[in-house]
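Have a look at the structure below before the remarks.
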Amino acid sequence: MKHTVIFLTAVLFTINTTADAADPPVKPSRFEVRASAIDSRVKAHPEIDFLIEDSKGRPADVQHASVDVNVPSKGKLVIWLMGHNQALFDRLNSYGLHAIQPHYANRWFSICCRETPVDENCRGNIRLEAATGEDFSDEVDIPKPDGMMERSLQMVRWLAKEHPAGKWEQFLTPDGTDLRWDNVIISGSSHGSTTAARFAKHIKVSRVVALCGPRDQHQVWQSLPSATPENRYFGFSHVLDGGWTGDHYCRSWEMLGMHKFGPIVNVDKSTPPYSNTRRLITDFDVAGDANRAHSSVQPGRSASKNPSDGSFMHEAVWRYLYTHPVDAVGQPTPMDDGCDKEQKH
């Protein structure tokens, strides 16, 4: 069937400007486009429940992007590895960041590597194959056009052509054959944050922002040498999240070396720059709900809000995570002997 490209432009923010009324600011822009509409090589992988169309024939491969050209650009592209969150993208754009959310082969998580005990490299290898489209795992067969790297490249190429005002071409190499990964902030929540961190071990990126993650408690990739310097990993999670009660976050954060750049800081009892740390937590009241705690560290219904006006309480935290200078670091802290880092089952 013929695939339709959906191109949307909408006002995300109220922009204050001193420009002449005859020359109004360009409205911040949002885009949606199907992966299959911009790359004919895209395929479904039903063996891991990764589809182009759902059972009712509806598009399942829609990708998102947004930018605010009225805000001075920081020259960084955020690639978000989870379900689209426009409230987060609104904030990223307000910081001067470009943002995309590629559709890539990530549905393997509930299907593969389910045995007990799981091989200590199983999930890490699949994550890397899903991200790169290269053969790192015997469990899946994800070709390059269906991996995160190629999907992101094709999307940025499309944006550079369709939206010249956004200057998306700045994220392409001079020959246009790859992204400039040194200007990419790789980010995600939960499963997506773990893949972001795994990818950053393999490819040097500008920064990693892991919301409610990373975990992979039975895997060992967190201790591998990292192409991305350790001071570029940032994490934020709620203390009632199961990733904390199971020692998953403390384990991954320390194995990634994040303890070398500051203590664990409770953002509800501190203010920016949070001792220049990379390890941020919150303990706001979620009525004991671990599921809410897990999703509470990104903009959305579960996030902490000001009871007087409904505004988000963690605005400063999100800005810090995505824009704090990576060379401004806190004091190293000892590893926590109470955190179980030998989880093998």
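Straight-distance candidates among the lysines for linking to Lys56, with alpha-carbon spacing under 29 Å and chain neighbours fewer than 8 residues away dropped: Lys2, Lys43, Lys144. In this Cβ point-charge picture (+1 for Lys and Arg, -1 for Asp and Glu), the chain has a dipole of about 660 debye about its Cα centre. Working note: 222 nm ellipticity from helices only, DSSP H runs with n ≥ 4, each -39,500 (n - 2.57), summed and divided by the residues of the chain, gives -6500 deg cm²/dmol to the nearest 500.
Using per-residue counts of other Cβ atoms within 10 Å, averaged over each peptide, order 80-89, 214-223 from highest down.
So the order, starting with the most tightly packed, is 214-223, 80-89.
A simple packing score, the average count of other Cβ atoms within 10 Å per residue, orders the peptides 238-249, 285-296 as 238-249, 285-296, with the highest score first. Calculated over the chain, the projected area of the Cα convex hull averaged across directions stands at 19.3 nm². When you count the other C-beta atoms within 10 angstrom of each residue and take the mean per peptide, 149-155, 36-42 line up highest first as 149-155, 36-42.
No value in this document is a laboratory result; all are computed from the given coordinates. These figures come from a predicted structure and were not determined experimentally. Don't worry about glycine lacking a Cβ; one is built from the backbone with ideal geometry, like all the others, and counts go over all protein chains shown.
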